[in-house]
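Q: Supplied in structure tokens, the structure appears directly below.
What follows is calculated from the coordinates using simple rules that are stated; it is not laboratory data. This one's a predicted model, so the numbers in the text were calculated from it and none came from an experiment. Every residue, glycine as well, gets a Cβ built from its backbone with ideal geometry; the counts of neighbours run over all protein chains shown.
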Amino acid sequence: MRADIVAGAVFPDYELTDHAGKRRKLSDLQGPDPMVLVLSRGAFCPKDLRQAEGLVHLYREMEGGYCRLVTISTDNMLTTNEYRTGVGAQVHAGRVMKFASAKDITAKAATIKAYVRQAIAVEKAGLRMKRKKTSDSPVPEELRERLRSDPRFKRAFEALTPGRQRSYLYHFAAAKQSATRVARIEKAMPAIFEGRGFLERR
């Protein structure tokens, strides 16, 4: 590793090819948001594969706070995309089609061509996904009840930045059981009173 890549230093603004074949700078991927950068040895490494699976689940929590997750690996584009599909990586604007044989491709040729034409049109038009607003996030009934019954907690939650509110809303709503949602809300209350986001530490 380069001698200037040390704790506390500014990481080099590498320009590399992404999983779609487009040259991207790290600064372009990050934008104004926090970013976690993972250096991976590649799909051949069982340890890295297991870590990637965990990061996919973590990202579902991170995206609520607009935190980016970027991985740099030594894999080629084909292996990278197989790797992404294998660990369950997704993007907001993506479509994934899996084929078991060449016959599957032939049978779905019309659909594939339509998707490709749509993708080309979107790229030429320069269209981009709009970022979600806090008002777009579902508010679990358990949180509504807590906000109604606890004015102090309501003031603290409303004082959070929009990104911090979204991170909590996503975290609470992700629980399938009502009891789990209640437990998550209660566990998060101290941090909310301190004005911290879901993944923020003191």
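Q: Mind checking the range 1-65 for chymotrypsin sites (Phe, Trp or Tyr not before Pro) that DSSP puts in a loop (not H, G, I, E or B) and that have at most 13 other Cβ atoms within 10 Å?
A: In loop regions of the range 1-65 (DSSP not H, G, I, E or B), the sparsely surrounded chymotrypsin sites (Phe, Trp or Tyr not before Pro) are Tyr14, Phe44.
Q: For labels at Lys22 and Val56 in the simple 7 Å Cα→Cβ model, what's the distance in nm?
A: Roughly 2.2 nm, to one decimal.
Q: Run the numbers on the range 16-68 and let me know its relative contact order in percent, using alpha-carbon pairs under 8 Å that are six or more apart.
A: 38
Q: Can you compute the modelled spin-label distance between Leu39 and Lys176, with each label point 7 Å from Cα toward Cβ, in nm?
A: 3.9
Q: Could you give me the ³J(HN,Hα) list for the range 190-196, computed from phi with Karplus coefficients 6.51, -1.76, 1.60 and θ = phi - 60°, whole Hz, x at Gly and Pro?
A: For the range 190-196, the Karplus curve yields x, 5, 5, 4, 8, x, 9 Hz.
Q: Once amide H atoms are placed 1.01 Å from N in the peptide plane, what residues at a sequence separation of 5 or more from Gly42, or on another chain, have their amide H within under 5 Å of its amide H?
A: Here the answer is Thr74, since their amide H atoms fall under 5 Å of that of Gly42.
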